[in-house]
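**Q** Quick one: structure below, then a few questions.
The values are calculated or read from the model by the stated rules, or taken from the named source; none is laboratory data. Just so it is clear, the model here is predicted, and its values are computed rather than measured. Cβ atoms come from the backbone with ideal geometry, glycine included; neighbour counts cover every protein chain shown. Quick note on the areas: whole protein, heavy atoms, side chains included, nothing else; ligands and nucleic acids left out. Shrake-Rupley method; radii C 1.70, N 1.55, O 1.52, S 1.80 Å.
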Amino acid sequence: MRLRYELPAAAAAALTEALDGHEASGSHVRYAVPADLTADGAFGDGWTVATDALVAVQAPGARGWRTLPLRQVGRFRADNMVGSGRLVAEPASNGTGGAAHEQILAHYSMSHAPRYATLARGLNLLLDGKRPTVDETPDEGVCPTCGRRREPGTRVCRACTNRAAMMRRLWALARGHLRWVVAAVALFAAFTLLSLLPPQLTRVLIDNHLVPRRPHLQPILLLVGALAVTYGLTALTDALRGRAMAQLSNALARDLRSMVYTNVQKLSLGYLGTRDAGDILNRVSKDTRNIQQFINFWLTDSVAQGLFLVGVAVILFLREWRLAVLVLAPLPVVVLLAGGVWGHVRFLFRRQERLFDKVDTLLQDILSGIRVVKAFGRERAEVGRFRARSGELREVMRANERTWANLVPLWSFVMRAGEFLVFAVGGYLVLGDRMKLGELVQFVQYAMLLYGPLVWIAGLPRRFAESMTAAERVFEVIDEQPSVADAARPRRLPIAGHVRFEEVVFGYQSHDPVLHEVSLEVAPGEMIGIVGHSGSGKSTLINLLMRLYDPDEGRIIVDGVDLRAIELRDLHRQLGVVLQETFLFAGSIAENIAYAQPGATPRQLIAAAKVAGAHDFICAFPDGYDTRVGERGQRLSGGERQRVAIARAVLHDPRILILDEATASVDTETEEVIQAGLFQLMKGRTTFAIAHRLSTLRHADRLLVLDKGRIAEVGSHAELMAAGGIYHGLVQSQRRMNRHHAL
Amino acid sequence: MSEAKPGANGHGDAAEAAEHTAGHTAEHTAEVRMLAPAALRFAATEGGFLALTVTGGEKSEHYPRINAFRTFPLSDADRYLSLRDAGGKEIGILESLADLRSDQAALLRQELERRYFTPVIERVRSLKEEFGYSYWLVETDAGQRRFTVQSGKNNVTVVGERRLLIVDVDGNRFFVDDYHRLDRNMLKTVETLL
């Protein structure tokens with residue numbers, strides 16, 4: 001993020017003037033960021049500058065700078081609102097004069113919101129007597145070459161990817177299957193040559209035998225036989241070519257798909273979280289299919305169609321160049337028209353698709369919410385809504401079909417124009433004995449062959465662009481580097497379980513921190529209960545410990561080693577997780593328990609299930625440990641699923657155990673059973689447990705109370721109750737609730 | 001945008017406290033306090049904020065800094081305004097900006113327009129879409145602006161009949177009052193972005 005902009009000369013000069021003679025100006029400029037809004041909400045060019053001792057602001061349009069010494073400020077705050085934000089200085093509480101009231105220093109648009117969030121954080125560090133490090137990483141999601149925006153989370157610019165390089169990469173892929181490429185091209189060439197034969201044969205048949213009325217059966221039969229054989233061979237080569245192509249393109253698509261899939265697995269949640277699962281699915285399936293088609297189309301069709309076009313054109317011009325010119329006369333019109341028509345058709349279909357999506361979404365909405373619809377008696381209203389939407393779609397589709405129906409015949413008429421000309425002029429030549437009838441028929445046949453490749457070429461740029469986009473999207477995923485990645489020389493470390501958070505700051509969007517300067521030290525084997533209101537940062541803290549994300553500032557140390565230095569696989573091998581929503585994969589219970597330890601013996605499985613309190617209910621199933629669960633399998637109750645998940649964690653034998661609302665979805669009785677299992681599991685392991693139900697955490701050595709991303713209280717249950725703070729309030733309100741429910 | 005959605009993301013201790021002691025104080029918090037326009041005195045503070053004094057009743061209440069929220073920012077921007085103290089606790093709801101005296105209304109309107117800063121696009125000077133983003137150069141009532149919008153994520157939506165709400169990659173917002181009045185080519189591009 002850019003935090004030290006170059007000030008324009010005039011502003012810089014005025015600033016020097018303003019700072020000149022200022023006591024303790026702290027000459028070193030730490031931050032210089034644009035303030036692009038006036039107080040009245042107009043765009044402009046203003047600046048906010050911070051040194052070690054003061055903040056200076058030049059409002060847009062103003063010449064002078066307003067300065068505020070840091071010692072007069074208690075705290076800085078970046079207030080992000082809707083569409084704009086403001087930098088606010090809160091007064092110092094010790095009352096050292098100067099700013100006695102809260103004041104707005106600068107207004108800015110959302111384009112600078114992340115900058116001001118960092119600036120406020122940095123200024124607050126300065127107020128605390130610390131030195132902020134100004135991280136000036138250039139990447140802001142904008143391509144440094146062309147200035148275009150890149151998709152979030154990617155480092156590949158779709159405009160600047162080199163087309164030639166892309167082709168080389170596709171070719172490199174294809175080269176792995178060179179045999180099939182050669183076969184396909186050779187078969188296509190044979191196919192082309194064969195299709196050039198029949199007009200020749202027809203001409204000989206007409207001019208040498210039919211027109212002179214020579215009833216010699218043998219040569220006629222020979223010619224007809226040759227025609228039949230040619231057509232037969234054409235069909236055969238076409239079939240073989242199709243098979244070669246299918247072989248080639250499927251092999252390529254498989255290569256691509258597995259490359260994409262492998263990399264998606266490696267990518268961090270930070271990347272995956274910014275995209276819909278649908279988008280990634282599309283890249284794995286739809287885009288690779290698109291590339292597959294492209295290879296079909298480009299690698300072989302282009303060779304064949306090119307050959308064909310040149311071959312036919314040469315033959316036509318050699319035969320009768322004047323007629324050839326006539327055949328080609330409508331060509332420019334055809335090509336131009338094709339371009340224009342395609343633009344319009346694409347627009348029409350785009351609009352239709354969008355409406356289709358809308359109808360689809362509405363239908364899905366109603367179907368998945370059908371219980372609500374019925375419960376509120378809204379069936380008729382929903383039918384009406386759906387009817388209105390589909391009526392809209394019908395209108396657009398009707399208009400499109402009408403356009404389409406008019407367009408196609410017009411199109412073929414224009415394409416045929418050359419044919420009419422040839423017949424008119426050719427007929428005249430034949431009647432004047434300057435051309436033979438067979439030659440004319442041959443000519444017309446070739447002319448008709450010509451239009452296929454011509455139309456193909458007209459559509460080429462569009463299809464080329466589409467396929468290139470697909471290739472870019474696919475290669476982008478393949479090329480993407482996970483942002484949470486192993487260090488250059490990652491360490492492997494048998495973890496004992498000592499964990500230390502050092503002033504950790506983190507936000508899913510960097511300008512909106514969810515955790516602020518969290519520091520905590522946990523001894524090996526200790527159980528930490530994490531409590532706090534929803535949105536206080538509990539799960540985020542756990543996500544960082546699991547290293548699904550890296551902290552923006554500060555670090556997490558495990559056994560004296562920075563988490564980022566530990567090999568990810570090694571770390572995850574030693575972490576065990578039980579989440580609120582347990583995901584069971586399609587497969588047997590045994591496979592699910594052994595998920596992280598596929599080689600586990602039945603005895604180990606049973607032992608783990610026993611610890612988790614799952615053995616008994618599993619035995620009661622008709623299929624025992626072989627019971628199929630997951631999407632199409634047996635339905636397990638929430639408590640049963642949870643116990644399978646605990647068994648999974650037991651078998652995993654982690655050094656650090658993470659329980660994120662592990663018992664929230666089960667009733668109190670089941671919870672007691674599960675608690676017993678969990679208690680077994682926690683022995684001797686560092687445990688972090690999140691729970692809303694505070695009674696769940698009664699075994700915790702220490703409780704950590706988070707409030708708005710900060711640690712508000714730490715201590716045992718008794719200590720925190722005695723302190724009478726947030727925890728005390730939470731316990732009280734839950735007791736009230738329980739009483740309420742008991743009544 | 002921590003202040004944008006006071007209820008939704010739990011900004012403001014008061015809202016949260018109320019949530020967690022639910023049951024006891026439910027009757028109290030469920031009450032909607034409509035503020036009488038005549039009882040309100042807004043004043044600009046030295047620091048650039050808005051202060052409010054509510055008179056009437058037994059004693060007048062003074063709030064050195066308030067935040068004003070639109071409850072229907074898209075469909076009815078000037079009605080049902082939620083006024084909140086610096087901690088995020090709702091003081092009450094003002095039914096309509098038009099009920100205030102004009103100088104008072106101007107003060108509140110300025111505060112609202114700062115919070116919901118959404119320039120109105122008066123002219124689109126250039127607009128092109130490529131590679132999943134549209135690039136806009138526009139004249140707005142707040143000045144000229146260049147911005148980028150990601151396609152296909154509902155970043156361009158129709159609000160009401162013909163008004164367009166556009167949210168750019170940074171979270172800046174723009175309105176187009178009647179998008180059918182855009183010229184034909186722009187309209188075509190906009191149609192594909194919807």
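**Q** For chain A, with all protein chains present and a 1.4 Å probe, just round the carbon and sulfur fraction of the accessible area to a whole percent.
**A** The computed percentage sits at 57.
**Q** Shifting gears a bit: How high is the relative contact order of the stretch B:121-193, in percent, with contacts defined as C-alpha pairs under 8 Å that are six or more residues apart?
**A** Rounded, it is 24 percent for the stretch B:121-193.
**Q** Same structure again: About the Cα centre, and with charges only on the beta carbon of Lys, Arg (+1) and Asp, Glu (-1), how big is the dipole of the protein assembly as shown? Nearest 20 debye, please.
**A** The dipole magnitude comes to about 3440 debye.
**Q** Also: Label the stretch B:34-115 by shape, choosing from rounded, prolate and oblate, from the square roots a ≥ b ≥ c of the eigenvalues of the Cα gyration tensor; if a/c is under 1.5 it is rounded, and otherwise prolate applies when a/b is larger than b/c, oblate when it is not.
**A** Because its axes are fairly even, with a/c under 1.5, the stretch B:34-115 counts as rounded.
**Q** Would you please put A:649-661, A:32-44 in order of how densely packed they are, using the mean number of other Cβ atoms within 10 angstrom per residue and starting with the highest?
**A** Going from most to least packed, we get A:649-661, A:32-44.
**Q** Hey, another quick one. Suppose every K and R has +1 on its Cβ and every D and E has -1 on its Cβ; what is the size of the dipole of the stretch B:34-115 about the Cα centre, in Debye to the nearest 20?
**A** 140
**Q** Give me the inter-chain shielding for A:32-38: mean count of other chain Cβ atoms within 10 Å, whole number please.
**A** Mean partner-chain Cβ count within 10 Å for A:32-38: 1.
**Q** Also, I was wondering about something else. What nm distance separates the two modelled labels at A:Leu410 and A:Asp238, each placed 7 Å from Cα along Cα→Cβ?
**A** Taking the two extended label points, one gets 3.1 nm.
**Q** Follow-up. Rank by packing, highest mean first: peptides A:638-648, B:137-147, with packing defined as the count of other Cβ atoms within 10 Å averaged across residues.
**A** Result, highest mean Cβ count within 10 Å first: A:638-648, B:137-147.
**Q** Using a 10 Å cut-off on Cβ atoms, rank the peptides B:54-66, A:73-85, A:538-550, A:315-327 from the highest mean neighbour count down.
**A** The peptides rank, most packed first, as A:73-85, A:538-550, A:315-327, B:54-66.
**Q** Across peptide A:109-115, how many C-beta atoms of other chains are within 10 Å of each residue C-beta, on average?
**A** 5
**Q** Net charge near A:Tyr508: determine it from the other residues with C-beta under 13 Å of the C-beta of A:Tyr508, scoring Lys and Arg +1 and Asp and Glu -1.
**A** With Lys, Arg at +1 and Asp, Glu at -1, the neighbours total -3.
**Q** Going by a 1.4 Å probe on protein heavy atoms, which residues of the stretch B:118-146 end up with at least 20 Å² less accessible surface in the whole assembly than in their chain alone?
**A** So the qualifying set is B:Glu130, B:Phe131, B:Tyr133, B:Tyr135, B:Ala142, B:Arg145.
**Q** Using the heavy atoms of the protein chains and a 1.4 angstrom probe, tell me the accessible area per residue for the stretch B:34-115 in square angstrom.
**A** 48
**Q** Right, another one. What spacing in nm lies between the two simple spin-label points modelled at B:Val158 and A:Arg71, each 7 Å away from Cα in the Cβ direction?
**A** In this crude spin-label approximation the distance works out to 6.2 nm.
**Q** Can I ask one more? Between A:Arg492 and A:Ala12, what's the calculated FRET efficiency when r is the beta-carbon distance and R0 is 60 Å? Round to 0.05.
**A** 0.70
**Q** When Lys and Arg each count +1 and Asp and Glu each count -1, what net charge do the other residues less than 9 Å away from B:Gly47, Cβ to Cβ, add up to?
**A** Here the charged neighbours net out to -1.
**Q** Once you average over the residues of A:73-84, how many Cβ atoms of partner chains fall within 10 Å of each Cβ?
**A** The shielding value for this peptide is 5.
**Q** Cα axis of helix A:217-266 to longest principal axis of chain A: angle in degrees, 0 to 90, nearest 10?
**A** 10
**Q** Got a sec? Charge dipole of the protein assembly as shown, +1 on Cβ for Lys and Arg, -1 for Asp and Glu; which of A:Thr403, A:Thr48, A:Met81 is way out at the positive end?
**A** Checking the options against the dipole of the protein assembly as shown, the answer is A:Thr403.
**Q** In chain A, with Lys and Arg counted as +1 and Asp and Glu as -1 at Cβ, which of these residues, A:Ala689, A:Ala244, A:Val312, has the Cα nearest the positive end of the dipole, that is, farthest along it?
**A** Of the listed residues, the answer is A:Val312.
**Q** OK, next. Checking the a/c ratio against 1.5 first, then a/b against b/c, what shape does the Cα gyration tensor give for the stretch B:121-193?
**A** Rounded.
**Q** For A:His498, what charge total do you get from the other residues with a beta carbon under 11 Å from its beta carbon, if Lys and Arg give +1 and Asp and Glu give -1?
**A** Value of the local net charge: -1.
**Q** I've got another one for you. Pairs of Cα atoms under 8 Å, at least six residues apart: use those to get the relative contact order of chain A, whole percent.
**A** Relative contact order, chain A: 10 percent.
**Q** Next question, about the same structure. Quick one: putting +1 on the C-beta of Lys and Arg, -1 on the C-beta of Asp and Glu, what dipole do you get for the stretch B:121-193 around its Cα centre, in Debye to the nearest 20?
**A** 100
**Q** Still on this model: To the nearest 500 deg cm²/dmol, what mean residue ellipticity at 222 nm is calculated for the protein assembly as shown from DSSP H runs of n ≥ 4 alone, each contributing -39,500 (n - 2.57), summed and divided by the residues?
**A** Taking each H run of at least 4 residues, the total per residue is -15000 deg cm²/dmol.
**Q** Between helix A:379-431 and chain A, what is the angle of the helix's C-alpha long axis to the longest principal axis, kept within 0 to 90° and rounded to the nearest 10?
**A** Computed tilt is about 30 degrees.
**Q** Of B:Gly143, A:Leu449, A:Val57, which is farthest along the charge dipole of the protein assembly as shown in the positive direction, counting Lys and Arg as +1 and Asp and Glu as -1 at C-beta?
**A** A:Leu449
**Q** Next question, about the same structure. Given the Cα-Cα distance of A:Lys610 and A:Phe585 and 0.36 nm per residue of separation, how much length would full extension add, in nm?
**A** 6.9 nm
**Q** Between A:Arg698 and A:Phe679, what is the spin-label point distance in nm, taking each point 7 Å from the Cα along the Cα→C-beta axis?
**A** 0.9
**Q** Tell me the total accessible area that A and B bury against each other, 1.4 angstrom probe, in square angstrom rounded to 100.
**A** Between A and B, the summed buried area is about 4200 Å².
**Q** Relative to the first principal axis of the alpha-carbon coordinates of chain A, what is the inclination of helix A:437-458, with its axis defined by its Cα atoms, in degrees from 0 to 90 and to the nearest 10?
**A** It is inclined by approximately 10 degrees.
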